[in-house]
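Below is one structure; the comments refer to it alone.
The values are calculated or read from the model by the stated rules, or taken from the named source; none is laboratory data. As the structure is a computational prediction, the values presented were derived from the model and not from experiment. Here the Cβ positions follow ideal geometry from the backbone for every residue, glycine too, while neighbour counts run over all protein chains shown.
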Number of protein chains: 2
Amino acid sequence: MNGARALIETLANAGVELCLANPGTSEMHLVQALDQVPKMRSVLALFEGVCTGAADGYGRMTGKPAATLLHLGPGLANGIANLHNARKAGTPIINLVGNHPQFHMGYDAPLTSDIDTLARNFSCWIKSCSTADTLAQDGAEAYTATLRATPGSQGQISTLILGADAAWGDSPGVAKANGIPRRAVVDAANVEAVAQALESGEKCVVVLEHDGATAASLELAGRISAKTGCRIMTGTFPARIDGGAGSTAVERMPYFPEHILASLEGVRHLILVGGQIPASFFAYQTTPSRLVPEGCEVHTLARIEEDANNALQQLSERLAADQATPARFERADLSIPNGDMNTRNMLQVIAATLPENVIVATDSGAGNAAHPVCQTAAPNTWLSLTGGSIGQGSPVATGAALACPDRRVLALLGDGGAAYTIQSLWTQAREQLNVTTVIFANRKYNILNIEYGRLGVTDVGPIAASLFDIGNPDIDWEMLSKSMGVPSATANTAEEFARLLQRSYQEPGPFLIQAMC
Amino acid sequence: MNGARALIETLANAGVELCLANPGTSEMHLVQALDQVPKMRSVLALFEGVCTGAADGYGRMTGKPAATLLHLGPGLANGIANLHNARKAGTPIINLVGNHPQFHMGYDAPLTSDIDTLARNFSCWIKSCSTADTLAQDGAEAYTATLRATPGSQGQISTLILGADAAWGDSPGVAKANGIPRRAVVDAANVEAVAQALESGEKCVVVLEHDGATAASLELAGRISAKTGCRIMTGTFPARIDGGAGSTAVERMPYFPEHILASLEGVRHLILVGGQIPASFFAYQTTPSRLVPEGCEVHTLARIEEDANNALQQLSERLAADQATPARFERADLSIPNGDMNTRNMLQVIAATLPENVIVATDSGAGNAAHPVCQTAAPNTWLSLTGGSIGQGSPVATGAALACPDRRVLALLGDGGAAYTIQSLWTQAREQLNVTTVIFANRKYNILNIEYGRLGVTDVGPIAASLFDIGNPDIDWEMLSKSMGVPSATANTAEEFARLLQRSYQEPGPFLIQAMC
């Protein structure tokens, strides 16, 4: 057995079920191993940002790492933007990056570059000196590392950079899986301090993120809120929230800093569960970066790497909140509106037609705007843009569909973001994934128009305007989708939009709707 | 004047004529400055790999750096694969990467990451601590650094990572351009040693790369060859070669290591001018990495960072070769073949229809195969894939067309490579660039089938086969092109292919041909 085969079998035995691949010549022995180990499913993407984004979507839905298979430094580089998003989501991922053997590095062949340095931007675990002897064990370590919560992360990205000689050389065989790491339990004193704040009678907001924002954690937080009257809130862009009718009612932090400050006005205790102090997404000259009202005390119940769910359990017991009944989102009687594709109509159509247990992936403004109205619609899982790098929605939707073949996935994409990683559609077509993609075709980077105005620039010159405008020419998304094998249609009215969404939910496989707005 | 304006004016004054941009919120002041300084042309791309690849194409054609404008770490990451190719080409480029201000970094906002680390993979000059006071001067330094040849590079990539506060703060004003660095002249003793080898009567091969492979350098090498009988050869993937009828006849190094060794059999002196010792593109178990025949002495006339042209001048004088007449490629009477789109017919069609002074950009096997036959066709400039990262041909073609609006550009792309950076087409449509794109639609990563066979694997299993196959579904390139605003057609026969090429050469603006093969 060569190193490649031992590695792939080790990972498959540990529980890696999926490899998102875009291999090259230096990874041929790994391809051979994937061919020999069919229990790890191999899925090809035509661009590495699709591989890494899909691994993120898969990891958010399963809690387990998928593997990626990438071709040296440039292949890894193409995947970094979505690895950045995955890092901010705390998603476990194992990157397998092929490399030249050490004996070849000194010749500076065209594909030679410093891959370790690239990996350092997003990885918590890197190894690049494997031999055929160590490769399988290195794979076992890489797997464990993805599930080890460390300061700043609840799960993480391992990058195993392996020379072709480690893959082709003789291996001592498959390595045993390590134990699964456990999160640290928070101290009772910490819980007590938070409990006293909640009992103080002063205005409290509990901010729930990562392990503090799972369905089970939100349920506990809902009881605590019912018992003490505190507000509960998720971050602006949670990696995953299970919501919709019947789920715990929870606020969501706004986007712009002035809106966050307004929302927190008068709050005396800000209690962090699994996340960080609220901060502005971007820096401005006129608003602060740290978004905590004056006179407000910040308490950390659980850091991102700690067991936030256990902390909420301890807190609920301490407050005797276990019998309290959380407020829940209720299903509204949503009708399909008539007429124009204005934002209000579009969002209402999405909510009114939302299928049961849908997974929504979005990296667009309109997609985020759909979240509140969908809380009164069918139960759903919402996957947001965690790291601010657009081009994530479509790959994440692809990975979520690979993880959950029995659930429909709805990708709500801006046209600007969709253009980054449009190759996702091809993988959706090949694998016949149940993904409905909506492209909000407004023909602009609309957020930049807004941000430019916030600078106080009221007169947008022609060059600036051209850099915010992605019309001229207009992309025909319906045609683009068909060219990659995904059937598609265009919605010009709310009724058409509803009909197309409903049709897509009833038919297996991918479908794309160009929503003219 | 704020820092952003001072920076952009400084760069424009130094000679930066083009900015390839994909900005975000942290770059709004730079957008405002671009709006105010129209003499630097701003061109939008929908994906950063198009920006960096186009900067590479522009730099190869002009010898001058273009600027890119990129959005924090993820925006830079998306551009790295083509920056890797540009680094191997020795192309000067200035990356302007927006960042949060220092005061915002500690809050770990979603787009925060270690950008310096990413930049280290490909940059020879990095600065990330600019203030509004220093920004314009830092821009002047970044410009100079791109033109400074350093060990391993004949030109280089500068990355200026600038906090938004440096852009929005008050600047002392525009900075003066520095002097342009000059290359080191090689020592006469070095020239003498090479001259003696060439006069030894033993078999000699001169390998010409980078500054040793400009039209002027090839002319000198051709005289030396005519005088001494040595063979002259370019590298396998030169950044730029001016060739075709009337240009100096020069061999091109083959791709596979066994072919390089066969080509160099019996050679006693290998003379390097502007390049490196021939090495295998990938490492194999059965062939060496260093491709120098036994008993062959390696001489370095000029290293990549030295003045190779001057070295060849010195050598030509020492050998009294100035009056010798180089062998030249002659125009063949190329007829348009009939029938199938087999490789031989396709290449002959390309050569037979080649317009005068065309620029050819290619990152595909078929594109490379077209090079020899095009040497007997119209004069042309050939831009190859220097760093092995596919997805480079279309962006480089875009940048070459921006640099040379009076010349037709022909992009010869594999379907696998084209899928990486297909967003180039949109920029070509917006800017109405004179680019003819040919997609060799063979529906596979064909090189991987070949390389897999070279491993001795004769039986390709279904999983491996699926990872080399980019059919299922077939991408409809004609439709994809139209969806991005580039008119297109499909060629099913050699006659159709010729007719479509000729039509595209006669009409301004971009055109795409799906070549079914």
Legend entry - the stretch A:1-28, residues that are part of a helix (DSSP H, G or I) and more than 26 Å from B:Ile80 (Cα to Cα): A:Gly3, A:Ala4, A:Arg5, A:Ala6, A:Leu7, A:Ile8, A:Glu9, A:Thr10, A:Leu11, A:Ala12, A:Asn13, A:Ala14
Inset, instruction - Read through the list (1) loosely packed, with under 15 Cβ neighbours inside 10 Å; (2) closer than 17 Å to B:Glu317 by Cβ, then give the number of the only condition that B:Gly173 fails. - result: (2)
Inset, instruction - Considering only the stretch B:133-146, state which residues are under 12 Å from B:Pro92 (Cα atoms) and crowded, with 22+ Cβ neighbours inside 10 Å. - result: B:Ala142, B:Tyr143, B:Ala145, B:Thr146
Inset, instruction - Please give the number of the condition B:Thr458 fails out of (1) under 30 Å from A:Pro487 (Cβ atoms); (2) more than 10 Å from chain A (Cβ to nearest Cβ); (3) of a type outside the set (Asp, Glu); (4) assigned to a loop (DSSP other than H, G, I, E, B). - result: (1)
Inset, instruction - Those residues that are at pLDDT 95 or above and buried (at least 21 other Cβ atoms within 10 Å of the Cβ), I need them from the stretch A:432-455; list them, please. - result: A:Leu433, A:Asn434, A:Val435, A:Thr436, A:Thr437, A:Val438, A:Ile439, A:Phe440, A:Ala441
Inset, instruction - Could you please let me know if B:Ala332 is assigned to a loop (DSSP other than H, G, I, E, B), buried (at least 22 other Cβ atoms within 10 Å of the Cβ), away from every other protein chain (no Cβ under 14 Å) and of a type in the set (Gly, Ala, Ser)? - result: no
Inset, instruction - Among what's in the stretch B:401-422 and is within 10 Å of chain A (Cβ to nearest Cβ) and hydrophobic (A, V, I, L, M, F, W, C), pick the residue that is nearest to B:Pro510 (Cα to Cα). - result: B:Ile422
Legend entry - Yes/no for B:Leu425 being farther than 22 Å from B:Asp340 by Cα, within 10 Å of chain A (Cβ to nearest Cβ) and surrounded by 21 or more Cβ atoms within 10 Å (Cβ to Cβ): yes
Legend entry - Filter result for A:Val37 (closer than 22 Å to A:Gly399 by Cα, within 11 Å of chain B (Cβ to nearest Cβ) and more than 27 Å from the chain's Cα centre (by Cα)): yes
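A quick yes/no check of all residues on (1) of a type in the set (Val, Ile, Thr); (2) assigned to a loop (DSSP other than H, G, I, E, B):
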residue	(1), (2)
A:Lys227	no, no
A:Gly246	no, yes
A:Pro254	no, yes
A:Leu261	no, no
A:Ile271	yes, no
A:Gln276	no, yes
A:Tyr284	no, yes
A:Pro288	no, yes
A:Glu294	no, yes
Inset, instruction - Look through B:Asp138, B:Asp116, B:Asp108 and report the one residue that is within 25 Å of B:Asn2 (Cα to Cα), assigned by TED's automatic domain parsing to the domain that holds B:Ser26 and out of contact with any Leu (no Cβ under 9 Å at 6 or more places or on another chain). - result: B:Asp116
Legend entry - Single unsatisfied condition, B:Val207 versus (1) in a helix (DSSP H, G or I); (2) within 15 Å of B:Glu306 (Cβ to Cβ): (1)
Inset, instruction - Among what's in the stretch B:478-517 and is surrounded by fewer than 17 Cβ atoms within 10 Å (Cβ to Cβ) and touching a residue at least 40 places away in the same chain (Cβ under 8 Å), pick the residue that is nearest to B:Thr398 (Cα to Cα). - result: B:Gly509
Legend entry - From A:Glu306, A:Glu258, A:Glu265, A:Glu317, residue being surrounded by 14 or more Cβ atoms within 10 Å (Cβ to Cβ), modelled with pLDDT of 95 or more, over 24 Å from the mean Cα position of the chain (by Cα) and charged (D, E, K, R): A:Glu258
Inset, instruction - Just give me the residues in the stretch B:349-394 being more than 19 Å from B:Pro510 (Cβ to Cβ), within 14 Å of another protein chain (Cβ to nearest Cβ) and not in a helix (DSSP H, G or I), in sequence order. - result: B:Ser384, B:Leu385, B:Thr386, B:Gly387, B:Gly388, B:Ser389, B:Ile390
Inset, instruction - Test A:Gly155 against the stated conditions and say whether it is over 23 Å from A:Trp125 (Cβ atoms), among the small types (Gly, Ala, Ser), away from chain B (no Cβ under 14 Å) and surrounded by 22 or more Cβ atoms within 10 Å (Cβ to Cβ). - result: no
Legend entry - Residues being within 28 Å of A:Trp168 (Cα to Cα), within 10 Å of chain B (Cβ to nearest Cβ) and not aliphatic (A, V, I, L, M) - total across the stretch A:68-97: 6
Inset, instruction - Would you be able to say whether some residue in the stretch A:254-261 is in contact (Cβ under 8 Å) with a residue 40 or more places away in the chain, in the same structural domain as A:Glu305 (by TED's automatic domain parsing) and not aliphatic (A, V, I, L, M)? - result: yes
Inset, instruction - Specify the residue that is surrounded by the fewest Cβ atoms within 10 Å (Cβ to Cβ); the eligible residues are those in the stretch A:107-119 that are under 14 Å from A:Leu160 (Cα atoms) and more than 7 Å from every other protein chain (Cβ to nearest Cβ). - result: A:Asp116
Legend entry - Matching option when the condition is under 24 Å from B:Gly388 (Cα atoms) and either at the interface with chain A (Cβ under 8 Å from one of its Cβ atoms) or of a type in the set (S, T, N, Q) (or both), among B:Phe103, B:Phe122: B:Phe122
Legend entry - Given (1) in the same structural domain as B:Glu305 (by TED's automatic domain parsing); (2) crowded, with 24+ Cβ neighbours inside 10 Å, number of the condition B:Glu192 does not satisfy: (2)
Legend entry - Selection from the stretch B:29-78 of residues that are in a loop (DSSP other than H, G, I, E, B), in contact with a Leu (Cβ under 7 Å, 6 or more places away or on another chain) and within 20 Å of B:Gly391 (Cα to Cα): B:Ala45
Inset, instruction - Return the total of residues in the stretch B:287-309 being within 14 Å of chain A (Cβ to nearest Cβ) and touching a Lys or Arg at 6+ places or on another chain (Cβ under 9 Å). - result: 1
Legend entry - Residues satisfying the stated conditions in the stretch A:15-34, i.e. among the small types (Gly, Ala, Ser), under 23 Å from B:Ile475 (Cα atoms) and over 21 Å from the mean Cα position of the chain (by Cα): A:Gly24
Legend entry - Long-range neighbours under 9 Å by Cβ, at least six apart or interchain, first residue facing chain B (nearest Cβ under 8 Å) within the stretch A:11-25, second of a type in the set (A, V, I, L, M) and assigned to a loop (DSSP other than H, G, I, E, B): A:Ala21/A:Ala45; A:Gly24/A:Leu111; A:Gly24/B:Ile390; A:Thr25/A:Leu111
Inset, instruction - Could you identify the single residue in B:Ile450, B:Ile439 that is more than 8 Å from chain A (Cβ to nearest Cβ), closer than 30 Å to A:Asp35 by Cα and part of a strand (DSSP E or B)? - result: B:Ile439
